[in-house]
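Undergrad: Supplied in structure tokens, the structure appears directly below.
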Amino acid sequence: MALPQKAYIAAVIGILLLISGTVFWWYQASTPANEAGFGAAMVQVKLPEELSALAKRGEGLFHQNCASCHGINGAGQDGVAPPLIHRIYEPSHHSDLSFQRAMTLGVRAHHWPFGNMPPVAGLSQADTVPIIAYIRTIQRKNGID
């Protein structure tokens, strides 16, 4: 007895999804992130001994909203997003306002080959102030000012 055409198509699609999922899982399991480079920190970041109250609040907001792309403490992630602890982002080249606009409005790619940055969903303009204070504090510790 032959399967109806819709059931046959659904079965083929299901089998293809199962095979592709298995191949993807196997590749991810057998290739560590650092070996592949993808997702590895792009720069080494020195942390300050203390943070101001504003920068401390920014640290939490950064890790909730920014670190998934820009990495822990702004170190970047290879193949994902650039490091924010980098001379390109020194205040004389990227002002606090440019950081604020990137977070709330998004920004077109112009220095790195990672593609455009979308606006950060759920992040208010007021939330950007402590995040910027946190980034600038770490930048100063790393000689970027």
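The values are calculated or read from the model by the stated rules, or taken from the named source; none is laboratory data. Predicted model only: the values in this text are computed from it and were never measured. Reconstructed Cβ throughout: ideal geometry from the backbone, glycine too, with neighbour counts over all protein chains shown.
Undergrad: For GLY76, are the conditions met, namely being surrounded by 17 or more Cβ atoms within 10 Å (Cβ to Cβ) and modelled with pLDDT of 90 or more?
TA: So GLY76 passes the test.
Undergrad: Which of the residues belonging to the range 121-136 are touching a residue at least 24 places away in the same chain (Cβ under 8 Å) and assigned to a helix (DSSP H, G or I)?
TA: GLN125, ASP127, THR128, VAL129, PRO130, ILE131, ILE132, ALA133, TYR134, ILE135, ARG136
Undergrad: Mind checking which residues of the range 35-62 are part of a helix (DSSP H, G or I) and surrounded by 14 or more Cβ atoms within 10 Å (Cβ to Cβ)?
TA: LEU54, ALA55, LYS56, ARG57, GLY58, GLU59, LEU61, PHE62
Undergrad: For the range 105-128, enumerate the residues that are crowded, with 16+ Cβ neighbours inside 10 Å and under 22 Å from SER52 (Cα atoms).
TA: Listed by number, the residues that qualify are LEU123, ASP127, THR128.
Undergrad: ARG87: loosely packed, with under 15 Cβ neighbours inside 10 Å and in contact (Cβ under 8 Å) with a residue 24 or more places away in the chain, yes or no?
TA: In short, yes.
Undergrad: With the requirement that a residue be surrounded by fewer than 12 Cβ atoms within 10 Å (Cβ to Cβ) and either in a helix (DSSP H, G or I) or among the aromatic types (Phe, Trp, Tyr) (or both), what does the range 90-104 give you?
TA: LEU97
Undergrad: Might you let me know whether the range 69-79 holds any residue that is farther than 26 Å from PHE38 by Cα, assigned to a loop (DSSP other than H, G, I, E, B) and either aliphatic (A, V, I, L, M) or under 12 Å from the mean Cα position of the chain (by Cα) (or both)?
TA: no
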